[in-house]
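One structure is given here, and the rest of the page talks about it.
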Amino acid sequence: MSQSAPHYDFANFETKYFLVFFVLCKIRFKYFSEKAIKRYQNKRVQIITRQALANSEFFKNHYKNFDINKFFSLPTVNKKK
């Protein structure tokens, strides 16, 4: 009988183990170039934006007239909206 590789839930790692995630980021990003950090940040913003649009009626309506690929030009949100 063969064993399968263990499944790791990296998608929720950041929220479940925030302190560990924070420390690992501090160590990892210490050795990254500024360009590499910006690429990482852009990728994360794209993932978060698409996730919000896929799972939230509010964000679907709020961003319906905007190009989500230009995520840094999207309007901000505050609690009053």
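Test Arg28 against the stated conditions and say whether it is at pLDDT 85 or above and either in a helix (DSSP H, G or I) or small (Gly, Ala, Ser) (or both).
Working: at pLDDT 85 or above: no; either in a helix (DSSP H, G or I) or small (Gly, Ala, Ser) (or both): yes.
Taking the combined requirement at face value, the residue does not satisfy it.
Does the stretch 32-73 hold any residues that are part of a loop (DSSP other than H, G, I, E, B), at pLDDT 85 or above and surrounded by 10 or more Cβ atoms within 10 Å (Cβ to Cβ), and which are they?
Hits for the stretch 32-73 are Ser56, Tyr63, Phe66.
The values are calculated or read from the model by the stated rules, or taken from the named source; none is laboratory data. The model shown is predicted, which means the values in this text are computed figures rather than measured ones. A quick note on method: Cβ atoms are made from the backbone with ideal geometry, for glycine too, and the neighbour counts reach across all protein chains shown.
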